[in-house]
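Taking it in order: structure first as structure tokens, then the write-up.
The values are calculated or read from the model by the stated rules, or taken from the named source; none is laboratory data. Here the structure is a predicted model, which means the values were calculated and not measured. Please note: Cβ atoms are built from the backbone with ideal geometry, for glycine as well, and neighbour counts cover all protein chains shown.
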């Protein structure tokens, strides 16, 4: 070693100190970190061990699996319910005080036939109605101009099979028949609704 080295004091032992890393090295490491984050975001499937390439998420895998026509119909009803009905009746079907009665466990929803609730969705309802022993006096607008027969049937099929409800599916042709029948719009509460045959 050269005793005249300027990094040594009095030609003795080396002294402690630091030197900065080159800026290019910091940029390269930052770029690699950024690229790695993007790669993992695109290809790690949200770190879900059920997800493998070419899929990027579990939802994508579920969507790619074939479903029965019945399940596809139910999914249509679920989507339409979430777009419109959920605002008042809530995602859990429990409704809201002062806004909408519950659908979960409702005797109207779980009736053997869906004829009456088909008319409620198509024509609306205004006036007093009893749901699960509680009196409601609220207005529901008619949806006949917003949904076609298939969509109404799908929504009703969804709510009749969700939240513990176990009523049969609703067919498109029964909604078509209900649409053709002339009733007040909106119907005047429970008394008017009970004049309609259940099936």
Checklist outcome for this item: Reported set for segment 96-105 where residues are in contact with a strand residue (DSSP E or B) (Cβ under 8 Å, 6 or more places away or on another chain) and either under 19 Å from residue 188 (Cβ atoms) or modelled with pLDDT under 95 (or both) is 98, 99, 100, 101
Checklist entry - Within segment 116-123, is even one residue at pLDDT below 95, surrounded by fewer than 17 Cβ atoms within 10 Å (Cβ to Cβ) and in the same structural domain as residue 74 (by TED's automatic domain parsing)? => result no
Checklist entry - How many residues are surrounded by 10 or more Cβ atoms within 10 Å (Cβ to Cβ), free of Cβ contacts under 8 Å to residues at least 24 places away in the same chain and either under 30 Å from residue 170 (Cα atoms) or in the same structural domain as residue 150 (by TED's automatic domain parsing) (or both) if we restrict to segment 27-70? => result 6
Item to check | Options 170, 175; residue that is surrounded by 17 or more Cβ atoms within 10 Å (Cβ to Cβ), under 16 Å from residue 72 (Cβ atoms) and modelled with pLDDT of 95 or more | outcome: 170
Item to check | Options 90, 96, 78; residue that is free of Cβ contacts under 8 Å to residues at least 40 places away in the same chain and within 18 Å of the chain's Cα centre (by Cα) | outcome: 90
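Give the number of residues within segment 144-167 that are in a helix (DSSP H, G or I) and surrounded by fewer than 18 Cβ atoms within 10 Å (Cβ to Cβ). Walk me through it before giving the result.
Kept after step one, since they are in a helix (DSSP H, G or I), are these residues of segment 144-167: 149-160.
With the extra rule that they be surrounded by fewer than 18 Cβ atoms within 10 Å (Cβ to Cβ), the set shrinks to 150.
Qualifying residue count for the region: 1.
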Checklist entry - If residue 128 satisfies every condition in (1) within 27 Å of residue 72 (Cα to Cα); (2) at pLDDT 90 or above; (3) touching a helix residue (DSSP H, G or I) at 6+ places or on another chain (Cβ under 7 Å) but one, which is the exception? => result (1)
Next on the checklist: I need a count of the residues in segment 127-137 that are buried (at least 18 other Cβ atoms within 10 Å of the Cβ) and in contact with a strand residue (DSSP E or B) (Cβ under 9 Å, 6 or more places away or on another chain).
Outcome noted: 2
Item to check | Subset tally (residues that are surrounded by 11 or more Cβ atoms within 10 Å (Cβ to Cβ), in contact with a helix residue (DSSP H, G or I) (Cβ under 8 Å, 6 or more places away or on another chain) and assigned to a loop (DSSP other than H, G, I, E, B)) for segment 185-199 | outcome: 4
